[in-house]
Structure formats: structure tokens, C-alpha cells
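Report on one structure; see the data block that follows.
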Amino acid sequence: MITTTPSAVTPLWDSVAAAPHSPSRARAAEALFRRAASRLPVRVVFADGTRLGAGDSGSPLMRVLDARSFFHRLGAHANVGFGESYMAGEWSSSEPADLLTPFAQRLPALVPRPLQALRRWVQARRPELERNTRAGARRNIRQHYDLSNDFFALFLDETMTYSSALFRPDTTDLADAQRHKIDRALDVAGVHAGTRLLEIGTGWGSLALRAAERGARVTSLTLSAEQRKLARQRIAAAGLADRVEVHLRDYREEDGRYDAVVSVEMVEAVGSEYWPRYFRAIDELLVPGGRASLQAITMPHDRMLATRRSHNWIHKYIFPGGELLSVPAIEDGVRRHTSMQIVQRHSFGPSYAETLRRWRTGFLERWPEAAALGFNDNFRRMWEFYLAYSEAGFRSGYLDVWQFGFRKPHER
């Protein structure tokens, strides 16, 4: 049984404040937007009939319904303003993922290079409260994952897995693709009967359940009270409570010793200042000869470096404190801060694009049920933009997702 608990976090989606008017910044934003859109295979249509874009009649369509507010918001809030403008209904698209994909494909070139040096003056800085200290990490996780278990159940598949599935050529069912991803992560970590497994990031318990079915003894850590509650219910219902413990505990507080560690899309919530501690924790918690599996969303290394201190729309509304790594950052973190070696790596970004497409479809189809839980139309537009924006990132190749396998050497 899934229960709903009202979110204890401040609902930023209740309303979207009007942008402060700065005519000079609005003019600059308009010039940049027109320059970028004119070169992309899209169609942009303004309320007065003005058209932009290099697309044809079959290209994605963006309708700018309130140009004045749209450009003032872009000028005032830079990389936060575009998503806020969608939330406010200042622009729309019948298929936002299709529209956003060309923007994502050419993201580094949308702003002329001479103006990129001005980024630190026009983009918001990350709030101190979003730092992933132990208290801050709990607060950040609550804002997203404790929304409502009922809400997430509306669009996730039966496994209640909130990370990329792994589709094979013959896979059509999302739940099967999720089980394939989970099985591969467990295989990479060498999980079998008798394995002492640590999971960093429980989710709603799907990986812990699968590992326990293999005969492993699982300790799983989460900072979400709502996720822990449902994970425990599912584990008990499966008759596996004697093999799985789920703790409301930070990875920095764990002190056990394990044959294997698995962490699926949790490192994105760690924050760059704590990456060394995270990688050291995996190394220290593994016994000699132990293995680990890490699934991580990645972005290009140069973009990671250029944006790592900025505060964007995703941080403000979806994942406060979130920060994506690059493949070189993961490699460097393992090399510099652990004794482990990277022994496997596998990317499957297109699978994430398909996963997100299915989540968004399910979310929109079941929106009336979400509304009945107390979520308003601003929330609907916020989540539609989030899922479409993320899908576009993976469809364009700007984002990717990887499974890495690590091995800790035996003691000599």
C-alpha cells in the first residue's frame, strides 16, 4: 500500500513571481535569443505574428505568448528565466522535448564566446543553504524526494525505480528495462548469495529487493523519510525483511565493512566539494578485493567546469544542491582519493531519453490524479518542463549516463 504524506518543504511552484524590469537587460536577452533561435531548426512564433528560426513546417514549434515578460525574465534571471517563463505560461510548445533538443545540441555556442566571460556577473550563485553539509543534504533531499510517494507512483513503473532504465533491442516494457539495469549494476559489483552489500541511495527499494532475492544481505542508506517508509513496506511484503536493513543515514555516517557497494544516481546529490569524501567512503567501506558499481549522469567536462558555481532552474525548482560530474571528474576522483581501479564502464544515454519520455507521458496522462493530491497547474508546467528538458539533454548527447565498475585491490 502506498501512502501520501504532505510535503514539508516550501512549495516554490505555488506561484512564479514577475521578473523585475530592466529594459537594457531585456534588450540584451532578446538579441541573444533571436540570434540563437534564427540558427536552429525550430519555429518561434510571437503573438504579433513575428517568426524566427531556421526550421520548416515540420520543425518543433515554440509560441511566445507574452514577449515582453519573456524577455524581461530572460534578462533578469538568465538560465533560471527560461524555465520560469514556461511555468508562468509566457511561452508554450505542444512537444517541448522536441523543441529543446536543438537548443541542447548547440548549447555551448548559443552565447557568443566573448559574452561567456560575463557569466559570473549575470548568473545567480548557488545559495549557501544548498551546500550538501549533513544538514543541508537532508534538507535538499526532502525538497524533491519527499513530495509524496503517491505522486511518484503515478508515472514510475511497477518497480518504482527513479533512475535510467537500460533498454535492449528487444525490450519494450519499462519495468523490464529497469530490472535489466538493476541486474547489470549488481553483476558489475559481483553481488550473489552471501554478499554483504551496501547501497548508497535506497530509492523505493527496487535494487535492495533484487539483491536480496539473489541471497545478498543488504544495508541501504537514504535521506528520504518517505522513501524509507515505502521501501520498508515493499521489503516486508516480499518477505525479505530479514535480509535488508534500510537506514535514514548519510553515507558519511556509515562505518560497516562490505563486499560490495552499489550507488545508482546518488552521486549527483553529493556536490563537488564533497566528491573526494564520497569516493573515499566507498573505498573505506569496501573490504580488500571488494567491488563497487556506480551509476552516474554526466555532462561534458568543459561545461562542468564552466557552470559548477552557477545556480540554474533545475537547482532552484527540482534538485537543490545537485551537481553533475563529467567522466574525467569521476576518473580523477577515483584515482586521487581511493585505492580502487576502474574495471568497467558502460554508457547508455539514449536509454535515459526513452525513460524520461515514458515518465513524462505517464505524468501528463495521470495529471488529474496528481491534481487531486494537491499539486497545482504551476507544478504541472514545472514538472513537464523538467522532464522534457532532461529528455532533450540525453537526446542531444549533451548529457549521458554511465555505469562504472570499481575494484579494490587485495591486501598484500
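Computed from the coordinates by the stated procedures, all read-outs in this text should not be read as laboratory data. Nothing here was measured: the structure is a model prediction, and the numbers come from that model. Reconstructed Cβ throughout: ideal geometry from the backbone, glycine too, with neighbour counts over all protein chains shown.
When only Cα pairs below 8 angstrom with a gap of at least 6 residues are kept, segment 128-407 shows a relative contact order of 21 percent. Count Lys and Arg as plus one, Asp and Glu as minus one, and take only other residues whose Cβ is under 9 Å from that of ALA292; the net charge is then +2. For the chain, the longest principal axis of the C-alpha atoms and the axis of helix 349-365 are separated by about 70°.
I'd like the orientation of helix 275-285 relative to the chain: the angle between its Cα long axis and the longest Cα principal axis, in ° from 0 to 90, rounded to 10. Rounded to the nearest ten degrees, it is 20. Between segment 143-208 and segment 338-407, the C-alpha centres lie 13 angstrom from each other.
Note on LYS408: aspartates and glutamates with a C-alpha under 20 Å away, same-chain residues under 8 apart excluded, are ASP187, GLU199, GLU254, ASP255, ASP259, ASP283, GLU284, GLU331, ASP332. Taking 7 Å steps out from each Cα toward its Cβ at HIS192 and ARG134 produces label points 3.7 nm apart.
Considering only beta bridges that DSSP places wholly inside the chain, some 45 percent are antiparallel. The simple spin-label model puts a point 7 Å past each Cα toward its Cβ; for ASP56 and GLN341 those points are separated by 5.4 nm. When the chain is treated as a Gaussian network with alpha carbon springs shorter than 10 Å, the biggest mean-square fluctuation among PHE46, PHE379, PHE103 belongs to PHE46. Could you work out how far helix 67-77 tilts from the main Cα principal axis of the chain, as a 0 to 90 degree angle to the nearest 10? So the helix axis and the longest Cα principal axis differ by about 50 degrees.
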